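What follows is a set of notes on a single structure, which appears directly below.
The values are calculated or read from the model by the stated rules, or taken from the named source; none is laboratory data. Nothing here was measured: the structure is a model prediction, and the numbers come from that model. In this analysis, Cβ positions are derived from the backbone assuming ideal geometry, glycine residues included, and neighbour counts consider all displayed protein chains.
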Amino acid sequence: MNASDAVPAGEGGDPLPAVAPQLRALRRRAALTLEAAARSAGLSPAHLSRLETGLRQPSLPMLLALARVYGTTVSDLLGESAADRDSVVRAADMEPTRAGGWTYLRAGAQGRGMQALRVQVPYGAQGDIVRVHPGEEWLYVLKGRLRLRLGDTAHLLAPGDSAHFDSLTPHRLAAEDHEGVELLFVHTLLQSPTATLCLGPTTGEQSS
């Protein structure tokens, strides 16, 4: 893990104003010096200091590492209250977001380490996109049939079938039939706009 895993404050996404003071408070609560905490998390003291002063924003791997060091959760690092994190989402309140031909309906609370979506995948949409990103994914086929490629292996999933995999494994998802496919989709990406939750690099591109 290195400095390139974080982005300068104000760049690369929405700002997270609660992170910096929360990182400092949790480190002090754990009775750790800056040097000891940084060493345990695989960071330099200078880099951790920039995170605590808001000059840099941490990536998800950094948040996970620091949460382990401080014996807490990513939600606590983000300064979320229980009310912020707990959410019931009614079907009538699920606002669709469309990107690349897919339709996403957020099925869980925002800002959590685990994100839940209902995803509608039309036939022929994004089938050539290879996705590679940190985290884990779990999907469940609600309607239609899904063609899922994990690395060099192809799988055909029918309604009721599910898959759980490390999303650093290159993967592709496509509807097998012209009627499309609908999925229940859970993954561990954090602080990602809905439109980019499932979009990874195309073949030959570097993952960001």
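The table that follows gives values for the structure above.
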item: Single residue of segment 144-176 satisfying the filter (within 19 Å of the chain's Cα centre (by Cα) and assigned to a loop (DSSP other than H, G, I, E, B)) that is surrounded by the most Cβ atoms within 10 Å (Cβ to Cβ); result: S167
item: Qualifying strands (runs of 3 or more DSSP E) (wholly inside segment 31-143; at least 3 residues being assigned by TED's automatic domain parsing to the domain that holds T169, modelled with pLDDT of 80 or more and crowded, with 19+ Cβ neighbours inside 10 Å); result: 102-106, 115-121, 136-143
